[in-house]
Amino acid sequence: MSEAQAQMSEDDADLAAAAGGASIRTAVVTTGGDYSSPYPDQVLENVLENVLIFLTSRRDRNAVSLVCKSWYRAEALTRSEIYIGNCYSVSPRRAAERFRRVRSVVLKGKPRFADFSLMPPDWGAHFAPWVIEMAEAYRGLEKLYLKRMNVTDDDLAVMARSFGNFRELVLVCCEGFGTAGLAVVASKCRQLRVFDLIEAEVSDDDEVDWLSCFPESGTCLESLIFDCVEFPINFDALENLVARSRSLKKLRVNRFVNLEQLHRLMILAPQLTDLGTGSFSPQDHPIDQEPDLVSAFTACRSLVSLSGFRETVPDYLPAVYPVCANITSLNFSYANITADELKPVIRNCHKLQIFWVLDSVRDEGLQAVAATCKDLRELRVFPIDATEDNVGPVSDVGLQAISEGCKKLESILYFCQQMTNAAVISMSNNCPDLVVFRLCIIGRYRPDHSTGEPMDEGFGAIVKNCKKLTRLAVSGLLTDKAFSYIGQYGKLVRTLSFAFAGDSDLGLKYVLEGCSKLEKLEIRDCPFGDSALRSGLHHYHNMRFLWMSTCRVTRQGCREIAQQIPRVIVEVFRWNQILEEGEKSDLVDTLYLYRSLEGPRADAPKFVNIL
Amino acid sequence: MSSMNNLSESGKSGMNLKETELTLGLPGEPRVGKACMKRVFSETVDLELGNSGKKDSSGSGSSMKKESATSRGKLVGWPPVRAHRKNIMTVKSGKYVKVGVDGAPYLRKVDLELYNSYEQFLSALEGLFTCFKIRTVLDEKKLMDPVNGVEYVPTYEDKDGDWMLVGDVPWKMFAESCKRVRLMTRSEAIGLAPRPETKCSSSSS
């Protein structure tokens, strides 16, 4: 057949299939007058499906689905994990109709700024409609990963009883549920391997002893993470659980587990690869002699990840020496320790790739990190005291040291009070593999403290020299020039975060016009207005979302955007603003704009206006 | 009802009295003016986080007059550290108690160490449960739901497990012995009699 006829027959076959059911094919007559046999197409599609099973990357799959209708269908039938970056971009029904054989769902709700109290708590992102749809459509569901969703105990109950083969539950930054929900999951999901609560807000209003609810005879648990739970747990139940979970590899307990208890757990589970140590501080009135922690750590030969240290008593830190040489991930970000307390630990951590720490270790501590951790890929330095101050414990000195010592760095989050362009430029030159650069100078509008200049050149160097950069967060005194650099060089950037920066609309224009790969843009307290907003009209449908709070955008400006782009939802809300007596302001407090296949959501609370 | 007497006695304690003024407005009317100050959405421990930096350190970015206003001069969500992480640092200090309301399914938590007086505490409750307002009735401050006029009486469970009326004992003593707080409707609270400073062990209904 000629190519054109082959194409036509395939389309006709598709139409027939759509009308009559996927498996029944009838011969169709093409406009050319030939009968075409549908069977070769059926074979083609079967072959395709068998090949596509091996394709796992969702971006690849998205590309495949665009080839033609047949490929679209084959891809839809073989996609086993769906990733929904914004729960409002598509309805549960629509997702379930396209992808019918899904085993794993990743679902994300609120935008990141919700973590910093910039969003009212009842804004939305409810898991309920999703779980109800999935309960019918995805009976074979095995894995669920939710981030920034509102999940209730009822939702967890529906989930627990609907998916007989359910294996993995990961809740990140979620809220709305409590111990009752956890208990249902524990008792009903008999195949559960992964039960991870990460930075979730769990309520203990019901005060249910959820740890006692796991199957008595033994569990398949491989990962149990609950370090974010802010209330006591039943330790005996936990100990019992660990004893009967022979597959357990990851265990992160909360701060209500003390050192003595930790010791008992470690003895039961020397096979752990990932340990969250809880408070790492002894019980208030020790009755027995001190537990032999060193032996316990020595026995954990497979340990590669260590975290916890919520109320660390530094005297006990030496207990971790036996595992330092092996660990690739160390989270000290809750440990208020000094440089001198850090050094003996870190100097053994040659294999460390991920390190989270508090700035209590000061520049000196970071220098020690730089001296030893040559393989470091990710560094996060958190502030122990989050108030604006003139001098802080870490500064450009620490950043400079890291840039010189850790040349393989890929991701950095650095809180400080002051910084210099020189140190940032140095990092841009020394760390070419940087993918994520997030610098937070806590003092707003702070210039380079040694030259008095804006921080434009530093961030400019980052976008210019770090060719793999996809995520950037800026701070300090920044003029529109910084944004022009970002627009000019940030061609791969997907996520941008601006706060208290820029001079005028031009800043945002540079970015919206220049960053063609931009997907997520979060802005607060910048002088960007309607004109800047308009300059992104060509691009918003390519983005996951735009967030602008306390900028200079007006209601009218937002309305224009809403009218001009179909399939983009424009939400505005004002909830934190005081109107001076008699003042009428057209300025919008918060604009949250996102693309969506659906119309305006039905669950928007009263304070949200959808334009 | 004498439970609120302590409030009028406890003085100003550095509290902006304007915040407890009556606002004139029908239920359902948009709340403008000082009433809006009470709307905090973050963790209750972040009650300090009203909003708005009044001035920035260098004066540029001057266009930011429309920064969210504040009742206490601190900026919301800055620096961008999760509330969870912020709380952790001060976790050893602070005395958190649950606050429940009759008829509402949710509980909130407050840190009693943030307050020095019953007046401050009541104002905080008003901020937490935005459906309530403090009304002055016959020289006493009461917590009322302006929509239906129902009065709520703060009660608390003390160290001994007894339920008492809030306000009977000096603030510090209350803060030390309080384990949890419940805002009961007046009819529910009838059985609780004010107690003298020396504890009786009889339980309340």
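For region A:222-275, the Kirkwood radius over C-alpha pairs fed into Stokes-Einstein at 20 °C and 1.002 mPa s yields D = 194 µm² per second.
For A:R301 and A:D375, the difference between the fully extended length at 0.36 nm per residue and the C-alpha to C-alpha distance is 24.6 nm.
When every Cα-Cα distance of region A:544-611 is counted in 5 angstrom steps from zero, the calculated P(r) takes the values 3, 17, 28, 25, 15, 6, 3, 1, 0 percent.
Calculate the FRET efficiency for A:V106 and B:E176 from the Cβ-Cβ distance with a Förster distance of 51 Å, rounded to the nearest 0.05. Computed FRET efficiency for A:V106 and B:E176: 0.60. Taken along its principal axes, the alpha carbon cloud of region A:449-558 reaches lengths of 42, 28, 16 Å, longest axis first. What the Cβ-Cβ distance of B:E113 and B:K159 gives, at R0 = 22 Å and to the nearest 0.05, is a FRET efficiency of 0.85. For region A:224-266, the residues whose backbone nitrogen is under 17 Å from a point 7 Å from the Cα of A:D292, taken along Cα to Cβ, are A:260-266.
By accessible area, using a 1.4 Å probe on protein heavy atoms only, chain A has 50% of its surface on carbon and sulfur. Averaged over peptide A:587-595, the number of partner chain Cβ atoms lying within 10 Å of each residue's Cβ comes to 1. Judged by the mean number of other Cβ atoms found within 10 Å, the most tightly packed of the peptides A:545-553, A:49-57, A:509-517 leads the ranking A:545-553, A:509-517, A:49-57. Per-residue mean of foreign Cβ neighbours for A:524-532 is 3 (Cβ atoms of other chains, 10 Å radius).
Hey, for a label at A:E260 modelled as a point 7 Å past Cα toward Cβ, could you say which residues of region A:277-319 have their backbone N under 11 Å away? Counting backbone N atoms under 11 Å from the label point, the list is A:282-291.
Of the two radii for chain A, the radius of gyration is 1.00 times the Kirkwood radius, both from the alpha carbons; that is the Rg over Rh value.
For region A:198-310, the alpha-carbon coordinates run over 38, 33, 25 Å along the three principal axes, in decreasing order. Panel note: contact residues of region A:368-407 (accessible area lowered by at least 10 Å² against the chain on its own; 1.4 Å probe) correspond to A:F382, A:P383, A:I384, A:A386, A:T387, A:E388.
In this simple spin-label model, placing a label point 7 Å from the Cα along the Cα-to-Cβ direction at both A:E81 and A:N390 gives a separation of 5.1 nm. Here the simple spin-label model places points 7 Å from the Cα toward Cβ, and for A:F607 and A:V51 these points are separated by 5.3 nm.
Computed from the C-beta positions of A:C220 and A:R139, the FRET efficiency with R₀ = 22 Å rounds to 0.65.
Label point of A:K491 set 7 angstrom out along Cα-Cβ; within region A:398-440, amide nitrogens under 18 Å from it belong to A:433-435. Spin-label pair A:E598-A:D340: with each label point 7 Å from Cα along the Cα-Cβ axis, the two points sit 5.9 nm from one another. For the chain pair A and B, the interface hides roughly 4400 square angstrom of accessible area in total, found with a 1.4 Å probe. Computed from Cα atoms alone, the Kirkwood hydrodynamic radius reported for region A:380-451 is 12.3 Å.
The values are calculated or read from the model by the stated rules, or taken from the named source; none is laboratory data. Given the structure is predicted, the values throughout are model-derived calculations rather than measurements. Here the Cβ is made from the backbone with ideal geometry for all residues, glycine too, and neighbour counts use every protein chain on show. What goes into the accessible areas is simple: the full protein's heavy atoms, side chains included, and nothing from ligands, DNA or RNA. Shrake-Rupley method; radii C 1.70, N 1.55, O 1.52, S 1.80 Å.
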